[in-house]
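Reviewing the structure listed below.
What follows is calculated from the coordinates using simple rules that are stated; it is not laboratory data. This is a predicted model, so every value here is computed, not measured. Because the Cβ atoms are built from the backbone with ideal geometry, glycine has one as well, and the counts that use them run over all protein chains shown.
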Amino acid sequence: MTTEEKLKHFLDVTVENANAKSVESIEEYKKGLEIVFENHKEDAKRKQALQIKLNEENLKKEKNTELSKQQLEIKKELGKKQEELKSLLFHEVENKLEEYMSTPEYDKYLIRHIKEAKAFAGDEEIQIYIDPADSEKQIALEAATGVQISLSEYGFHGGMRAVIRSKKILIDQSFETRLNEVKNDFSFNFD
């Protein structure tokens with residue numbers, strides 16, 4: 001084998017060896033890139049899933065905030081309507097009380113409560129007050145109960161009040177007090 005042939009053979013072997021190493025390096029590089037690409041894809045999927053989850057949570061929070069605002073508005077409107085209805089209802093009740101105060105049953109009511117207050121006081125001194133609007137009933141009430149009755153200095157929408165000073169007791173059977181108690185305790189029940 002001549003030198004040229006030897007050189008050609010050496011060149012062929014070297015090129016073949018270099019090509020094989022080159023192909024092997026390229027394959028390893030491709031495998032490395034595929035691993036990096038797969039890792040990148042998985043990382044991107046994780047980030048995307050996390051972003052979707054965060055967006056869902058933010059949307060839920062926004063929805064809950066908006067729902068809470070709407071519920072507060074509804075409650076506020078309901079409260080206003082209830083107050084309007086309550087006002088109308090108690091206005092009607094006050095009208096009915098005024099009608100009642102012109103009936104004989106009202107006179108019986110006053111007589112009964114005056115007698116009960118006198119019985120409760122026993123031997124103690126008691127001062128009975130009626131509403132100034134009932135001034136025309138004063139003499140008839142005194143005759144029916146045997147008790148001296150005074151007109152109150154201020155109105156209390158009917159009924160009567162009594163004071164037993166020695167025991168520091170106020171007996172309040174006024175319509176104003178009863179109406180205020182009912183107003184304070186009144187609420188609409190939607191069960």
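List of remarks:
- Rounded to the nearest whole Hz, the Karplus-based 3J(HN,Hα) values (6.51 cos²θ - 1.76 cosθ + 1.60, θ = phi - 60°) of region 65-74 follow the sequence 5, 5, 4, 4, 4, 5, 5, 5, 4, 4, with x at glycine and proline.
- Sequence-ordered 3J(HN,Hα) estimates for region 27-39 from the Karplus curve with 6.51, -1.76 and 1.60 and θ = phi - 60° stand at 4, 5, 5, 4, 4, x, 5, 5, 5, 4, 4, 4, 4 Hz, glycine and proline given as x.
- Whole-angstrom gap from region 120-187 to region 31-91, using each part's C-alpha centre: 60 Å
- Largest mean-square fluctuation among LEU89, LEU110, LEU54, in a Gaussian network model of the chain whose springs join Cα atoms under 10 Å apart, belongs to LEU54.
- Coupling constants for region 141-152 follow from the phi torsions by the Karplus curve (6.51 cos²θ - 1.76 cosθ + 1.60, θ = phi - 60°), and in residue order they are 5, 4, 5, 6, 10, x, 10, 6, 10, 10, 8, 5 Hz; glycine and proline get x.
- The C-alpha atoms of the chain define a longest principal axis, and helix 104-121 lies at about 90 degrees to it.
- Over 18 Å between alpha carbons, listed pairs LYS76/LYS96; LYS86/LYS108; LYS137/LYS183; LYS80/LYS183; LYS21/LYS41; LYS60/LYS80: LYS76/LYS96; LYS86/LYS108; LYS137/LYS183; LYS21/LYS41; LYS60/LYS80
- Between the beta carbons of GLU136 and ARG165, assuming R0 = 22 Å, the FRET efficiency works out to 0.20 to the nearest 0.05.
- 5 Å-binned pair-distance histogram of the chain (Cα, whole percent): 1, 6, 9, 9, 7, 6, 5, 4, 4, 3, 3, 3, 3, 3, 3, 3, 3, 3, 2, 2, 2, 2, 2, 2, 2, 2, 2, 2, 1, 1, 0, 0, 0
- When shorter helices are ignored and each DSSP H run of at least 4 residues is given -39500 (n - 2.57), the per-residue value for the chain at 222 nm works out to -26000 deg cm²/dmol.
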